[in-house]
Amino acid sequence: MSEHHGRKGASWLSLSVDLVAGIFLFLAGVAGLIATWSLPTGTVARMGAGFWPQAVSLLLCMFGVGVAALSFTRKGELFELPPLRPYAAVFGAMVLFGLLFERIGMIPTVIVTMLVAGLASIETRWVQLSILAVVLAILSAVAFVRLLGLPLPVFWWR
């Protein structure tokens, strides 16, 4: 059995938390550079719209390389994938909200998205969550449609 970062049985493919964090920071910086590439940078005296976003993106890249490099100089804990269920449930709820809101209205959409988000935990109490979803949906409709006067669909027929 091999030993990596003080843990028995870990393979050579094991990644430390610091290395994963460094890679993430670097990729976030690269994404920022790609997103702002077409913006004019300007000069320090006359900054363009892309100056600060590109500067921050470059800093992210540099910090990422630094954190990743440090991961090779010290032993740290191994990175483990977090459980995907909570992320999938919350992401799915957000996608459903965007897809359903105009089609079925605010009240049904809020109820559906809260119930889907409830899938994030294995400890969800479905009766309490259902009651909370209905109450929150009604309060949302009252707040946004009645009190603020926003022209939002409450139900698919209204």
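Coordinate-derived values only; no laboratory data. Note that the structure is predicted; figures quoted are calculated from it, not measured. Please note: Cβ atoms are built from the backbone with ideal geometry, for glycine as well, and neighbour counts cover all protein chains shown.
Of note:
- The phi torsions of the range 106-114, fed into the Karplus equation with coefficients 6.51, -1.76 and 1.60 and a -60° offset, translate into couplings of 5, 4, x, 5, 4, 5, 4, 5, 5 Hz, rounded to whole numbers, with Gly and Pro shown as x.
- Between the residues 66, 76, 119, the greatest Cα displacement towards the positive end of the dipole of the chain, with unit charges on the Cβ of Lys, Arg, Asp and Glu, is found for 119.
- Extending 7 Å from Cα along the Cβ direction at residue 130 and again at residue 84 yields two label points whose distance is 3.0 nm.
- Nearest-20 debye value, the chain charge dipole, Cβ charges on Lys, Arg, Asp, Glu: 220 debye
- In range of the label at residue 102: residues from the range 123-158 whose backbone nitrogen is under 16 Å from the point 7 Å along Cα→Cβ: 151-158
- Potential lengthening between residue 69 and residue 49 on full extension [0.36 nm per residue; Cα-Cα distance subtracted]: 4.0 nm
- Placed amide H near residue 15: partners under 5 Å, 5+ positions off or other chain: 79
- Per the Debye calculation on the chain with a single equal scatterer at every Cα and no solvent contribution, log₁₀ I(q)/I(0) for q = 0.13, 0.14, 0.16 Å⁻¹ amounts to -0.89, -0.91, -0.93.
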